[in-house]
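Data block below; observations after.
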Amino acid sequence: KKVLHMDRNSYYGGESASITPLEDLYKRFNLPGTPPESMGRGRDWNVDLIPKFLMANGQLVKMLLYTEVTRYLDFKVIEGSFVYKGGKIYKVPSTEAEALASSLMGLFEKRRFRKFLVYVANFDENDPRTFEGVDPKKTTMRDVYKKFDLGQDVIDFTGHALALYRTDDYLDQPCQETINRIKLYSESLARYGKSPYLYPLYGLGELPQGFARLSAIYGGTYMLNKPIEEIVIENGKVVGVKSEGEVARCKQLICDPSYVSDRVTKVGQVIRVICILSHPIKNTNDANSCQIIIPQNQVNRKSDIYVCMISSAHNVAAQGKYIAIASTTVETADPEKEIKPALDLLEPIEQKFVSISDLFAPTDLGTESQIFISRTYDATTHFETTCDDIKDIYKRMMGSEFDFEEMKRKKNDIYGEEEQQ
């Protein structure tokens, strides 16, 4: 397909851009004045508007590898993943030794948890011998936890810090998906050891730029600063996009919800607070990057609260400065109060930038109109849900599933197996 990519913004990445220099972030959030001298050089900052990490073995890393966008990116491993329990944070154990030393669980609980992890690691949905009496499509996850006699605290951190569920709805659903999610976490962890998460140097804004460069190699055209005046529709079907008096004609259109307010519905809100700190987060062993998950049960909520922290080690902040971004799904009329447990962990905060965003989902799936609309970025701090959305759009556009293996085979045909390693 011939691709024309238009963006009304002057920077790449739309909603998920990294803002630089720091002065621009102050402007964007309408803060008076300019950043104080203590913040260092404005151009040393690349501040993500939407915090996300990449699961080392997850779908986005596969997409980046198979499309070769990785040529344009450098990644660093996030140093640790932490979970909140009873007002304190604990490192999510990343090795057996850590699990045995962890104060998250008592001695007997540790043994049972270890048994559970061994079970998950050996679980293979195509081999009933690994099920041990569990039916992956019928047995609920609640029953699997019961089978291993795991207590509430362990269930909390397994479901929310390992399987990365935002709510507890998963407990009463078939266990297959949860087991696969915990497997993904463990396999991602196995690749690097410190945590299962990766983050690109210079910020997440590098991802859309990498795709733009790759697209250019294959003849795609990219236009920034291009206002969209109208999506031109004939007989209920998209035929083009009007900008600055000209119409670019097309057979299919992909866009985010902000371009088609009449074809989307609001499904919730997310609050995100970007915090600039002059210190690492307490009780993280002075990590220069980490993730903290506050499971909803621990703070009497329905959805988890997330914190992502990165620093000058990732070329996103001035020397000695840290950026921590807290986010959660809004549940009440006072979102800032909801996110307070996370902000309390970050004090003292030098400067904060608060945003509350509406979440949209398409009401038009594009079957007739051939307009394919993405969902708004959610509160999760990894890209798995975003990748599910990408695959969903692909399927609606092409009529068939996106096939990772097929991409891999095509690459092998062109480059041979050796090049892949």
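The values are calculated or read from the model by the stated rules, or taken from the named source; none is laboratory data. Predicted model, so just to flag it, every value in this text is computed and none were measured. Because the Cβ atoms are built from the backbone with ideal geometry, glycine has one as well, and the counts that use them run over all protein chains shown. What goes into the accessible areas is simple: the full protein's heavy atoms, side chains included, and nothing from ligands, DNA or RNA. Shrake-Rupley method; radii C 1.70, N 1.55, O 1.52, S 1.80 Å.
Within the same chain, lysines fewer than 8 places from LYS410 are excluded, and of the rest, those with a Cα less than 30 Å from its Cα are LYS1, LYS2, LYS52, LYS62, LYS76, LYS183, LYS251, LYS391, LYS395.
Comparing ASN225, SER258, GLY268 along the charge dipole axis of segment 215-274, the residue lying farthest to the positive side is GLY268, per the Cβ-charge model. For PHE82, the residues whose amide H sits under 5 Å from its own are VAL92, GLN291, ILE292, ILE293, ignoring neighbours fewer than 5 places away on the same chain, with H placed 1.01 Å from N.
The residue among ASN30, SER195, VAL118 whose Cα reaches farthest toward the positive pole of the charge dipole of the chain, with charges on the beta-carbon of Lys, Arg, Asp and Glu, is VAL118. Calculated translational diffusion coefficient of segment 92-191 (10 °C, 1.306 mPa s; Stokes-Einstein with Kirkwood radius over alpha-carbon pairs) equals 116 µm²/s.
Using a 1.4 angstrom probe on the protein heavy atoms only, could you order ASP262, ASP74 from most to least accessible area?
Final ranking, largest accessible area leading: ASP262, ASP74.
For segment 92-191, the dipole from Cβ point charges (+1 on Lys and Arg, -1 on Asp and Glu) about the Cα centre works out to 180 debye, to the nearest 20. Taking every C-alpha pair closer than 8 Å and separated by at least 6 residues, the mean separation divided by the residue count of the chain gives a relative contact order of 21 percent.
Amide H contacts of VAL330: GLN269, VAL270, ILE271, each under 5 Å away and 5 or more positions distant or on a separate chain (H built 1.01 Å from N in the peptide plane; Pro and chain starts excluded). Each principal axis of the Cα cloud of the chain was taken in turn, and the coordinate range along them, longest first, works out to 71, 57, 49 Å. Each of the GluC sites (Glu not before Pro) that DSSP puts in a loop and that has at most 11 other Cβ atoms within 10 Å breaks the chain; the longest unbroken stretch is 1-131.
For segment 1-111, the spread of Cα coordinates along the three principal axes comes to 57, 46, 21 Å, biggest extent given first. Expressed as a whole percent, the accessible area of the chain that falls on carbon and sulfur atoms is 49 (1.4 Å probe).
Using a 10 angstrom cutoff on alpha carbons, build the Gaussian network for the chain and name the most mobile of GLY399, GLY58, GLY268. Answer for the Gaussian network model of the chain: GLY399.
How much net charge surrounds LYS266 when only the other residues with a Cβ under 12 Å from the Cβ of LYS266 are counted, with Lys and Arg +1 and Asp and Glu -1? Mind showing how you got there, number by number?
Values: positive: ARG375; negative: ASP358.
Local charge sum for LYS266: 0.
Taking the Cα centre of segment 222-310 as origin and assigning +1 to Lys and Arg Cβ atoms and -1 to Asp and Glu Cβ atoms, the resulting dipole is close to 300 debye. Compared with the direct C-alpha span, the chain from ASP413 to VAL3 gains 145.2 nm at full extension, assuming 0.36 nm per residue.
The residue list THR167, ILE182, TYR90 was ranked by how far each Cα lies along the charge dipole of the chain toward its positive end, using unit charges on Cβ atoms, and TYR90 comes out on top. Based on DSSP H runs of at least 4 residues, each adding -39500 (n - 2.57), what is the mean residue ellipticity at 222 nm of the chain after dividing by all its residues, to the nearest 500 deg cm²/dmol? After summing the helix terms and dividing by the residues of the chain, the value is -8000 deg cm²/dmol. Which shape class, rounded, prolate or oblate, goes with segment 298-421 when its Cα gyration tensor gives a ≥ b ≥ c as root eigenvalues, a/c under 1.5 marks rounded, and past that a/b bigger than b/c marks prolate? Note, shape of segment 298-421 comes out oblate.
Summary of the geometry: segment 231-255 and segment 39-56, compared by the centres of their Cα atoms, lie 34 Å apart. Please work out the C-alpha center-to-center distance from segment 112-168 to segment 282-344 and express it in whole Å. Cα centroid to Cα centroid, the span is 27 Å.
What whole-number value in Å² describes the accessible area per residue of the chain for a 1.4 Å probe?
I get 49 Å² per residue for the chain.
A Förster radius of 41 Å combined with the Cβ-Cβ distance from VAL354 to GLU109 puts the calculated FRET efficiency at roughly 0.60.
By the scheme Lys and Arg +1, Asp and Glu -1, what is the net charge of all other residues having a beta-carbon under 14 Å from that of GLU206? Around GLU206, the surrounding residues sum to +2.
Hey, can you list the DSSP H helices of the chain whose Cα span along the axis is 18 Å or longer and whose average Kyte-Doolittle score is at least -1.0? Membrane-span-like by this rule: 107-122, 176-192, 384-398. Computed from point charges on the beta carbon alone (+1 for Lys and Arg, -1 for Asp and Glu), the dipole magnitude for the chain about its Cα centre is near 340 Debye. Stokes-Einstein at 10 °C, 1.306 mPa s, Kirkwood radius from Cα pairs: D for segment 221-265 in µm² s⁻¹? My calculation gives 139 µm²/s for D.
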